[in-house]
1. 5 Å is the cut-off here: which amide hydrogens, built 1.01 Å from N in the peptide plane, fall below it relative to B:GLY37, excluding neighbours closer than 5 in sequence?
2. Roughly how big is the protein assembly as shown's charge dipole about its Cα centre, with Cβ charges of +1 (Lys, Arg) and -1 (Asp, Glu), in debye to the nearest 20?
3. Using only the alpha carbons, work out the radius of gyration and Dmax of chain B in angstrom.
4. Which of A:ALA138, A:ALA122, A:ALA196 moves the most in a Gaussian network model of chain A with Cα springs under 10 Å?
5. How crowded by other chains is A:181-190, given as the mean number of beta carbons from other chains within 10 Å of each beta carbon?
6. Taking Rh as the Kirkwood radius, which is the inverse of the mean 1/r over Cα pairs, what is the Rg/Rh value for the protein assembly as shown?
7. Once you've got the GNM for chain A with C-alpha springs shorter than 10 Å, pick whichever of A:LEU11, A:LEU183, A:LEU130 has the biggest mean-square fluctuation.
8. Given 25 °C and 0.890 mPa s, how large is the Stokes-Einstein diffusion coefficient of region B:175-256 in µm²/s, with Rh as the Kirkwood radius over Cα pairs?
There are 2 protein chains.
Amino acid sequence: VSASPTAAVLLIGDELLSGRTRDINLQNIADYLRPLGIPVKECRVVSDEQEDIVSAVNDLRKMYTYVFTTGGIGPTHDDITADAIAAAFDVGIDFHPDVLIFLAKRYKQMGTDFTDSRKRMARIPDGAVLVKNPVSGAPGFQMENVFTLAGVPQIARAMLEDIGPRLKTGKLLLRLTVQGAGLREGDIAGALVELAEDYRDLSIGSYPWFQSVSDHGVNLVASGTDQVALKAIETQLHEIVLLGGAQPKTLAEEPN
Amino acid sequence: VSASPTAAVLLIGDELLSGRTRDINLQNIADYLRPLGIPVKECRVVSDEQEDIVSAVNDLRKMYTYVFTTGGIGPTHDDITADAIAAAFDVGIDFHPDVLIFLAKRYKQMGTDFTDSRKRMARIPDGAVLVKNPVSGAPGFQMENVFTLAGVPQIARAMLEDIGPRLKTGKLLLRLTVQGAGLREGDIAGALVELAEDYRDLSIGSYPWFQSVSDHGVNLVASGTDQVALKAIETQLHEIVLLGGAQPKTLAEEPN
């Protein structure tokens, strides 16, 4: 684990691998962590199988400062993430008394039966710290450096708010995007190599898109922690796009 | 490697981990492979770093029948996937004469300079078999059980058509989705457990969605190779949704 914090994301769910569902949690988590200076370095997607989850958790928690899992903490039979996390850390798992009381009260207020299935959502690995779920009540949890979130994107996103203050922040990574509609990578690749050599502290990426013959182009993305260098490279990226025969446009800065 | 074919997907690109881009290639690849009876069992997302790519490729190609990589085969400095694949297989990499001729001709027809950067796209690991790119010309390639595709979704999708005939197919996995708008998982989880016990050859998943208090519900998904069992379970899934106080609806069958 390096001095500057890093993160990995582990998406759990057959529905992501089968193509039934297109994931959005990776992007949401990365967007949340970026302004905290915590880059996501790796992501894995595994099925709802305990051994696959355990193996991935145990790989990732050793390699990165933080691991965020999504999915598999609901009330149904295919929700096995809490058990898998307990197994990964080789600890027990049981009904958490505070969660039982909280959920019993919540369901009573809603006039909803607190069924055995719903009680399953109170099963928390021994030693884990709870993560608040302001959307639907049943909490996530933190086990050492591993945060276990719901799979429903709105709930996962809300849980991050409770986790943020627990994280060690890093140096803010700034990002600049210059778009060239109609541009082709091959016309600018040489100039980009030289630019990358001039700005070794920035990372420069080239991302082509292609929707159709009339709708294609390239996004040039520079990122780094040096705001002055980023301002300087913006001008140069515009020149490169112009040289490639396209009109450059700096995209609105994403919130950082 | 089991008798029934399996697949892994390796998505390569900083833009996916930074949150700049939301991936669609995993879903497209899974959708393409499903009717061939080849389930995707794992997916990883890594950055544009050679050691990360090599390590993931070497893990996955031993674990699954096929590996599909996307991204990093364009003409710019951050396109390093071909080199990484050569390194993973410990083979050389050089300009492929057929690809050089093909691309030179194509760019000549387009009246476009065949620059050194564009020539980079003709660098193919020794021993690899080419994969056709009907969209933009520069090919992907197959190295043993690893298929390397472009990152642009339209190109990656088109390349799959050339790969399909090379794949060993498995038993077709059928899928049935019964939707319950307004349904809550906790009201049906018990009945689902019993159903899962009655239909051990089918996999039954429960996927809640939550957009707002007025727009939430559960999709119940059964999948397996036994069409008769799937037809039988449809009726039971409808009953379970009704018992949960919601109106069941079988979603249109996805093309299988």
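The values are calculated or read from the model by the stated rules, or taken from the named source; none is laboratory data. None of the values given here were measured: they were computed from a predicted structure. For neighbour counting, all protein chains shown are included, and Cβ atoms are generated from backbone atoms with ideal geometry for every residue, glycine included. Quick note on the areas: whole protein, heavy atoms, side chains included, nothing else; ligands and nucleic acids left out. Shrake-Rupley method; radii C 1.70, N 1.55, O 1.52, S 1.80 Å.
1. Here the answer is B:GLY170, B:LEU173, since their amide H atoms fall under 5 Å of that of B:GLY37.
2. 660 debye
3. 22.1, 67
4. Checking each option, the largest mean-square fluctuation is seen for A:ALA196.
5. That works out to 6 on average.
6. Dividing the radius of gyration by the Kirkwood radius yields 0.99.
7. A:LEU183
8. Here the translational diffusion coefficient equals 194 µm²/s.
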